[in-house]
Structures are given as C-alpha cells and as structure tokens.
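K.L.:
Starting off with a structure, shown below.
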Amino acid sequence: MSKEEPETKGCESPSIYKCAYPAPYPEVRVARPNKEYAYLLLEDYAGMVSEMTAVSQYSYHHFVLENENREVADALSCIALVEMHHLEILAETIVMLGVDPRYRTVEKNKSERYWDGAFVFYGTAFCDRLTADVAGEWAAIANYRKHQRMIDDPYINRILERIILDELHHVEMFNHLIQKYCRPKLPKYNP
Ligand SMILES: [Fe+2]
Ligand SMILES: [Fe+2]
C-alpha cells in the first residue's frame, strides 16, 4: 500500500467513511466477562430498537426507494453498512462478556425473544420512512445512554460513546434529507 492511500481495516472501508463520524473506533475489549452486561447489549444488538433492526430497515428502505430517489437510497445503504459495523462491534463485545450473540434478547426470567422482521418500520410514504429512520436513531442513542449508566466497564462505555457519535452523525444526515425533500413548500409571498 502506498503512503497516500488511507490505511483500511476490516469494515472501515472508504465507502462508509462519509456515513461514519470521522474518528477511529476504540479497540473492542471488556474489563471482565459479565453476562448481565451482555444481556443489556443484546437489546442494542437485536432488540426492537437495535442495530439488527436498523440494518434491516435501512436496507429495505434502500430497496424500495432506489427508483424513486437515488440520493436517499444511496445514503440509506451507506448508513446501513455503518450499522452493520456496529452490529459486529456489539457481537464481539457480547462474546467477550461470555454470551452467544444470537439475534435475540434475554428477559429477566431468562426467557429469550428472537429478533423479528415485524420490528422494522416498513412504511409506504417516502417522508414517513425518513421520519421513522431519524426517530430510530434518537431511540438508539437514548438506549445506549441508558446502558452506559448501567454498565460499569470503561472499555464498553468507550465503545458505546463511539457508536453514539455515528448515530448523531446519522441524525444529521437524515435531518438534511428531510429538510431537502419533506419540508412543506410554502407558497411564495406575492403582495
Ligand atoms: Fe448503529
Ligand atoms: Fe445510525
């Protein structure tokens, strides 16, 4: 590799640079195994509001909007790749904490609830879809913040902080697209 080319590793390929916050990802590690922490992260990984839902929802919106709006469809696939990277980071963390990263959450009574395609907001109208996408980002951020307060492990909290930076970046991207395509066009003032 020449000096001019950016160093790339794993999922951090140049194609997702524009949809990820421009900062490196911290090393994935944990202070010690902890199943309770893994169960909290399973909610971010494959719960109703989760990386698994985000990957599936943005991919679906990309598929159905491809012929309607190329710019939005491209942004959705680009953001979905970043969510897939988050999915990978969470899976690695959950394994290190001592739990199998199947696509499910574990309730307090240890019963399992597998990820469901019904968690996705499919929608029918273009702007409803973008509005649901940005709402999903805010909901994910709120869950990450809640779990940061419940997890006493500096390595995990650092990873979650980095993921939150990407989600805030996605909020900005979705807001820009909503402003561009979904703001009601007011009639021009003509005295
Ligand atoms: Fe994410
Ligand atoms: Fe996101």
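The values are calculated or read from the model by the stated rules, or taken from the named source; none is laboratory data. If you're wondering where the values come from, they're calculated on a predicted model, not measured in any experiment. A quick note on method: Cβ atoms are made from the backbone with ideal geometry, for glycine too, and the neighbour counts reach across all protein chains shown.
K.L.:
Looking at this structure, is residue 63 more than 16 Å from ligand 2 (Cβ to nearest atom), free of Cβ contacts under 8 Å to residues at least 40 places away in the same chain and farther than 22 Å from residue 148 by Cα? Before you say what the answer is, go through the steps one by one.
P.N.:
Numbers: more than 16 Å from ligand 2 (Cβ to nearest atom): yes; free of Cβ contacts under 8 Å to residues at least 40 places away in the same chain: yes; farther than 22 Å from residue 148 by Cα: yes.
Taking the combined requirement at face value, the residue satisfies it.
K.L.:
Looking at residue 135, is it free of Cβ contacts under 8 Å to residues at least 60 places away in the same chain, within 16 Å of ligand 1 (Cβ to nearest atom) and either exposed (fewer than 15 other Cβ atoms within 10 Å of the Cβ) or assigned to a loop (DSSP other than H, G, I, E, B) (or both)?
P.N.:
Details: free of Cβ contacts under 8 Å to residues at least 60 places away in the same chain: yes; within 16 Å of ligand 1 (Cβ to nearest atom): yes; either exposed (fewer than 15 other Cβ atoms within 10 Å of the Cβ) or assigned to a loop (DSSP other than H, G, I, E, B) (or both): yes.
The answer is yes for residue 135.
K.L.:
Check residue 11 against each of (1) in a loop (DSSP other than H, G, I, E, B); (2) surrounded by fewer than 20 Cβ atoms within 10 Å (Cβ to Cβ); (3) at pLDDT 95 or above; (4) touching a helix residue (DSSP H, G or I) at 6+ places or on another chain (Cβ under 6 Å) and name the one condition it does not meet.
P.N.:
(3)
K.L.:
Among the candidates 144, 155, single out the residue that is within 21 Å of residue 33 (Cα to Cα), in a helix (DSSP H, G or I), at pLDDT 95 or above and within 13 Å of ligand 2 (Cβ to nearest atom). Spell out the reasoning first.
P.N.:
Numbers: 155 fails: within 13 Å of ligand 2 (Cβ to nearest atom).
Just one listed residue meets the conditions, 144.
K.L.:
Here's another thing I want to ask about it. So residue 30 fits all but one of (1) assigned to a loop (DSSP other than H, G, I, E, B); (2) within 17 Å of the chain's Cα centre (by Cα); (3) under 26 Å from residue 151 (Cβ atoms); what number is the exception?
P.N.:
Of everything listed in (1) assigned to a loop (DSSP other than H, G, I, E, B); (2) within 17 Å of the chain's Cα centre (by Cα); (3) under 26 Å from residue 151 (Cβ atoms), residue 30 misses just condition (2).
K.L.:
Kindly indicate the residue of segment 71-86 that is under 16 Å from residue 56 (Cβ atoms) and crowded, with 24+ Cβ neighbours inside 10 Å and also farthest from ligand 2 (Cβ to nearest atom) among those meeting that condition.
P.N.:
Taking the candidates together, the pick is 76.
Each row is one residue, and each column tells you yes or no for (1) under 19 Å from the mean Cα position of the chain (by Cα); (2) away from ligand 1 (no atom under 13 Å from the Cβ); (3) within 23 Å of residue 168 (Cα to Cα).
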residue	(1), (2), (3)
63	yes, yes, no
66	no, yes, no
74	yes, yes, yes
80	yes, no, yes
84	yes, no, yes
89	yes, no, yes
93	yes, yes, yes
96	no, yes, no
99	no, yes, no
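K.L.:
Right, next: Is at least one residue of segment 167-188 closer than 25 Å to residue 34 by Cα and not in a loop (DSSP other than H, G, I, E, B)? Don't jump to the end; show me each part of the working.
P.N.:
Initial filter on segment 167-188 (closer than 25 Å to residue 34 by Cα): none.
So far as segment 167-188 goes, no, none of its residues is closer than 25 Å to residue 34 by Cα and not in a loop (DSSP other than H, G, I, E, B).
K.L.:
Can you name the condition, by its number, that residue 111 falls short on among (1) within 24 Å of residue 33 (Cα to Cα); (2) small (Gly, Ala, Ser); (3) within 13 Å of ligand 1 (Cβ to nearest atom)?
P.N.:
In the conditions (1) within 24 Å of residue 33 (Cα to Cα); (2) small (Gly, Ala, Ser); (3) within 13 Å of ligand 1 (Cβ to nearest atom), residue 111 misses (3) alone.
K.L.:
Test each condition in (1) within 14 Å of ligand 2 (Cβ to nearest atom); (2) closer than 26 Å to residue 36 by Cα; (3) touching a residue at least 40 places away in the same chain (Cβ under 8 Å) for residue 164 and report the one that comes out false.
P.N.:
(3)
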